[in-house]
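What follows is a set of notes on a single structure, which appears directly below.
The values are calculated or read from the model by the stated rules, or taken from the named source; none is laboratory data. If you're wondering where the values come from, they're calculated on a predicted model, not measured in any experiment. Every residue, glycine as well, gets a Cβ built from its backbone with ideal geometry; the counts of neighbours run over all protein chains shown.
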Amino acid sequence: MPESQAKTNMFNGEHPFAQYVRILGKGKTGSRNLTREESYQAMLMILKGEVEPVQLGALMMLMRHQEESGEELAGFVDAAKEYIQIPDQMPTIDFDWSSYAGKARRPPWFVLTALLLAENNHTVLMHGSCAHTPGRVYSEQAFEYLGVPIASSLVEAAQHIKESNFAYLPLKNFLPRLEEIMNLKPLLGLRSPVNTFTRLLNPCQSACSIQGIHHPGYKDCHQEASSLLKQPKMCVIKGDSGETEWNPDTNNLVRYVLNGEEVEEQWQALFAKRHVNDKDMSLEKLKNVWSGKVEDEYAYGAVVGTSAISLYTLGKAETHADALELARKYWLNRDKARFSQSRI
């Protein structure tokens, strides 16, 4: 008997995971999104290794085709949380910062934003991945270049935060199964819902979650999922290349969850005239802009603007203007010699 047939017969004709594929793929009139409970159960099976590769691919692509709902994302996060053990010694995290897209056209200025916030006594845990889209520059590459240590576990991340208020933790070092699925893009031709819901993971239950997306339509499901997950404070912005980095040349309609209330506010562009895209992706620019060796108006706007949105979401400023002023003070008083001894 063929192996595939033997596996089918083990389940009296149908694999238990097949029900979730059927719900999503039963035609234009018969299909629907998964409920939160169904998504939770489906992701548990995936994380336990109880799903055949063909089933995983089918579920991921069907969900991608009809676009993920807030309930589906929340259910996936519920399941993933069962595989995350927060260390007893983990400090309180001010900002949970997801970084899964990579930068396609400009250096990752958001890296400087996260470090600037940490330098001003805000604890930041950034988690991300860097292996699914060739040609992009990822946060992990930037931190390695700057000499910022990469955490091998949540325990080590806790130690890094105690030492410097900042930690970068790769997804592969706390939920490797999700990293494996994310890296299926070359086989499937599309990103999977894992790329979406990892932004909502918030592994250490920070009160404030900072998220960036590329397609504006995803703001709705991120906001809905954050509400369902009872995230106290959250913002999702249209980010450059999909990272949490405000393009200061454009207005940005930011979606929030603030203490149970879903709101949206427009942040006005910082510059009247658009800047030319910076085709030089050299990470050396991060050090040069931070040190003041190079003046870059766009980079300044991206760092200060993204810092302001983050501070406003955390509740450190009552107005956009106040948040921008606080962010400018942070930037003006930064330690310009910080990366003078960094690795190259």
Please work out which one of (1) crowded, with 23+ Cβ neighbours inside 10 Å; (2) modelled with pLDDT of 95 or more; (3) farther than 21 Å from ILE93 by Cβ is the condition VAL194 fails and give its number. (2)
Tell me, please, whether a residue that is farther than 20 Å from ALA118 by Cα, among the charged types (D, E, K, R) and at pLDDT 95 or above can be found in segment 297-304. yes
Of the residues in segment 202-217 that are surrounded by fewer than 21 Cβ atoms within 10 Å (Cβ to Cβ) and touching a residue at least 60 places away in the same chain (Cβ under 8 Å), the one that is farthest from ALA167 (Cα to Cα) is GLY217
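Look through segment 119-136, keep the residues that are touching a Phe, Trp or Tyr at 6+ places or on another chain (Cβ under 9 Å) and assigned to a loop (DSSP other than H, G, I, E, B), and return whichever of them is surrounded by the fewest Cβ atoms within 10 Å (Cβ to Cβ). Walk me through how you get there before you give the answer.
Keep residues of segment 119-136 that are touching a Phe, Trp or Tyr at 6+ places or on another chain (Cβ under 9 Å), which gives 119-120, 122-132.
Going one step further and asking which of them are assigned to a loop (DSSP other than H, G, I, E, B), we end up with 120, 122-123, 129-132.
Details: ASN120: 18, HIS122: 21, THR123: 21, SER129: 24, CYS130: 20, ALA131: 15, HIS132: 21.
Per the stated criteria, the residue is ALA131.
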Those strands (runs of 3 or more DSSP E) lying entirely in segment 150-268 with at least 3 residues farther than 16 Å from SER99 by Cβ and of a type outside the set (A, V, I, L, M): 252-258, 261-267
For segment 116-131, the count of residues that are touching an Asp or Glu at 6+ places or on another chain (Cβ under 9 Å) and more than 24 Å from ILE86 (Cα to Cα) equals 1
Does segment 137-148 contain at least one residue that is β-branched (Val, Ile, Thr) and surrounded by fewer than 16 Cβ atoms within 10 Å (Cβ to Cβ)? no
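For segment 26-84, which helices (runs of 4 or more DSSP H) that fit wholly inside it have 2 or more residues that are more than 19 Å from the chain's Cα centre (by Cα) and touching a residue at least 24 places away in the same chain (Cβ under 8 Å)?
Answer list for segment 26-84: 36-47, 53-66.
Yes/no matrix, rows are residues, columns are (1) aromatic (Phe, Trp, Tyr); (2) modelled with pLDDT under 95:
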{"site": "ARG106", "(1), (2)": "no, yes"}
{"site": "VAL111", "(1), (2)": "no, no"}
{"site": "MET126", "(1), (2)": "no, no"}
{"site": "PRO134", "(1), (2)": "no, yes"}
{"site": "PHE166", "(1), (2)": "yes, no"}
{"site": "LEU169", "(1), (2)": "no, no"}
Identify, by number, the condition in (1) out of contact with any Leu (no Cβ under 8 Å at 6 or more places or on another chain); (2) more than 24 Å from ALA327 (Cα to Cα); (3) of a type in the set (Gly, Ala, Ser) that ALA157 doesn't meet. (1)
Residues that are of a type in the set (D, E, K, R) and touching a residue at least 24 places away in the same chain (Cβ under 8 Å), drawn from segment 158-186: LYS162, LYS172, ARG177, GLU179, LYS185
Which one of SER310, SER241, SER291 is out of contact with any Asp or Glu (no Cβ under 6 Å at 6 or more places or on another chain), hydroxyl-bearing (Ser, Thr, Tyr) and crowded, with 23+ Cβ neighbours inside 10 Å? SER310
